[in-house]
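The values are calculated or read from the model by the stated rules, or taken from the named source; none is laboratory data. Note that the structure is a prediction, hence the values are computed from the model and not measured. Methodologically, a virtual Cβ is constructed for each residue, glycine included, from the backbone with ideal geometry; neighbour enumeration extends over all protein chains shown.
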Amino acid sequence: MRWQVVPGIVAALALVACSGTDRGAVSAPEFAHVQDLVGTPDLIVDAKALATSWVVYDQELKESFCSISEANLAPGKYRLLRFTVTTPNIGDADVFIGDPNRHWDPNGDGDGGDSDGLFENDACHRHYHFRNYALYQLIDASGKITRARKNGFCMIDVTPFNDGVSVGSWVYRSCGRPARPELGLAEIRGNQGISVGYADTYFKWLGGQYFVLNDPRADLIPPGTYTLRIWVNPPFTARGKEPCPAVDPQGFCHMFRESRYDNNIGQVVITIPDHPGKKGYGPGGGQEPQDEVVDDENRPDK
């Protein structure tokens, strides 16, 4: 273990969710190009980054965008709530999932029929996505919850989260691409994970980093006040053959083990306007909409 976390002062989930992220509560680590697997990871959501990044745009979603196929949307112009999600690992060990090929295709025949259920092979991005990594929710004043359609996540080190972590000292930077035995191509390995002191960041221009506010196949999300909630490594109840890699004290499943599960939420109160304008409405606005970034393996962090 490279560093220790100062014990949290808030225990209740609701209080943690509202408190945001306190960078001062984490001591600077001694970091190097090595894995740290001794200890237990602890992921949080950087609520401050969420609060300063959200923006409402009227934007055309083009047929070439991966999020069109993944969200089962028709190409066209939509009103979108976009936002950046940063999930730092403040624990004393890496989140380490390993080579997705070993999970999705254990016997190496190119067929995911023997998958352990942790990864999905994304045809548009042409690499593996980790299942159930994060949950995006938009909650209205009555408590009604709308869930974003984004379900593809690739865990890599993107953003150093502490002053003691230098840029480039990451360990995990490859999502992993499927092997093609029929073409004689060896598997392209990618050990997905998040290093101690690093954060995975999903910038607002990446595919799927949005809620569709005027989805013709769903309930309209009208102007008003909402809570934007991000839940990393969220709890779930396994059904059928769905994997349950870790279980919390309440008996819920999680996709990987953490030292704590009560600090996995970050949220912010936002206002959805009547008219967002050409350059968007919200703290993340000020420029016209950009096309989605296709490659989420080499994604920007600002």
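Determine, yes or no, whether His125 is within 30 Å of Ile272 (Cβ to Cβ), assigned to a strand (DSSP E or B) and at pLDDT below 90. Steps first, answer last, please.
Values: within 30 Å of Ile272 (Cβ to Cβ): yes; assigned to a strand (DSSP E or B): no; at pLDDT below 90: yes.
No: the conditions fail for His125.
Are any residues in segment 145-198 of a type in the set (D, E, K, R), at pLDDT below 70 and not in a loop (DSSP other than H, G, I, E, B), and if so, which ones? Working first, answer last.
Keep residues of segment 145-198 that are of a type in the set (D, E, K, R), which gives 147, 149-150, 157, 163, 173, 177, 180, 182, 187, 189.
After this cut, where a residue has to be at pLDDT below 70 as well, the list is 163, 177, 180, 182, 187, 189.
Across segment 145-198, the qualifying residues are Arg177, Arg180, Glu182.
Pairs under 9 Å by beta carbon, first residue touching a residue at least 12 places away in the same chain (Cβ under 8 Å) and closer than 21 Å to Met155 by Cα in segment 65-87, partner assigned to a helix (DSSP H, G or I) and charged (D, E, K, R), six or more apart or different chains?
Pairs found: Thr86/Lys48.
Among the numbered criteria (1) out of contact with any helix residue (DSSP H, G or I) (no Cβ under 7 Å at 6 or more places or on another chain); (2) at pLDDT 90 or above; (3) buried (at least 20 other Cβ atoms within 10 Å of the Cβ), which one does Asp296 miss?
Of everything listed in (1) out of contact with any helix residue (DSSP H, G or I) (no Cβ under 7 Å at 6 or more places or on another chain); (2) at pLDDT 90 or above; (3) buried (at least 20 other Cβ atoms within 10 Å of the Cβ), Asp296 misses just condition (2).
I need the full set of residues from segment 54-104 which are charged (D, E, K, R), surrounded by 22 or more Cβ atoms within 10 Å (Cβ to Cβ) and in contact with a Leu (Cβ under 9 Å, 6 or more places away or on another chain), in order please. Spell out how you get there, then give the answer.
Step one: filter segment 54-104 for residues charged (D, E, K, R), giving 58, 60, 62-63, 70, 77, 79, 82, 92, 94, 99, 102.
If we keep only those that are surrounded by 22 or more Cβ atoms within 10 Å (Cβ to Cβ) too, we end up with 82, 94.
Matches in segment 54-104: Asp94 only.
Could you say whether any residue in segment 259-280 is crowded, with 18+ Cβ neighbours inside 10 Å and at pLDDT below 95?
no
Which of the residues belonging to segment 211-253 are without any contact (Cβ under 8 Å) to a residue 24 or more places away in the chain and part of a strand (DSSP E or B)?
Ala246, Val247, Cys253
Taking segment 91-109 only, how many residues are under 17 Å from the mean Cα position of the chain (by Cα) and acidic (Asp, Glu)?
1
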